[in-house]
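As structure tokens, the structure follows; a few thoughts come after it.
Nothing in this text is a laboratory measurement; each read-out follows from the coordinates by a stated rule. All figures in this text were calculated on a predicted structure; none of them were measured in a lab. Neighbour counts are summed over all protein chains in view; Cβ atoms, including those assigned to glycine, are modelled from backbone coordinates with ideal geometry.
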Amino acid sequence: MVLVLEDLSAVLPDGTYLTDLSVDGRTLRISGLSSAPSDLIAILDGSALLAHVRFTAPVTRDRNGDRDSFEIEAVIVERSAW
């Protein structure tokens, strides 16, 4: 799990903030705010630690209007696959 957290902090772009992170078995769920949420799927899918990255809810505009809220789910790849 530490490797996943390190990877997320390295790959998430400036202007993206997580408000929630949970892990259930091998399923990672993150939500937050981003100025470019449409880029997040490709960025996270490029990680060797994650697979099957997808939005689980529609992207919606934040109340302040400068960021969009997102919810993403991904499968944490088994360590033997690295």
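None of Ser47, Ser22 is surrounded by 10 or more Cβ atoms within 10 Å (Cβ to Cβ), touching a helix residue (DSSP H, G or I) at 6+ places or on another chain (Cβ under 6 Å) and not β-branched (Val, Ile, Thr) except Ser47.
Only residues that are in contact with a Leu (Cβ under 9 Å, 6 or more places away or on another chain) and in contact (Cβ under 8 Å) with a residue 24 or more places away in the chain were counted across the stretch 33-65, and they come to 9. If you go through the stretch 50-82 and keep only what is among the small types (Gly, Ala, Ser) and loosely packed, with under 13 Cβ neighbours inside 10 Å, you end up with Ala57, Gly65, Ser80, Ala81.
Out of all the residues in the stretch 13-46, which are polar (S, T, N, Q) and within 11 Å of Val75 (Cβ to Cβ)? Thr27 - this is the single residue of the stretch 13-46 that is polar (S, T, N, Q) and within 11 Å of Val75 (Cβ to Cβ).
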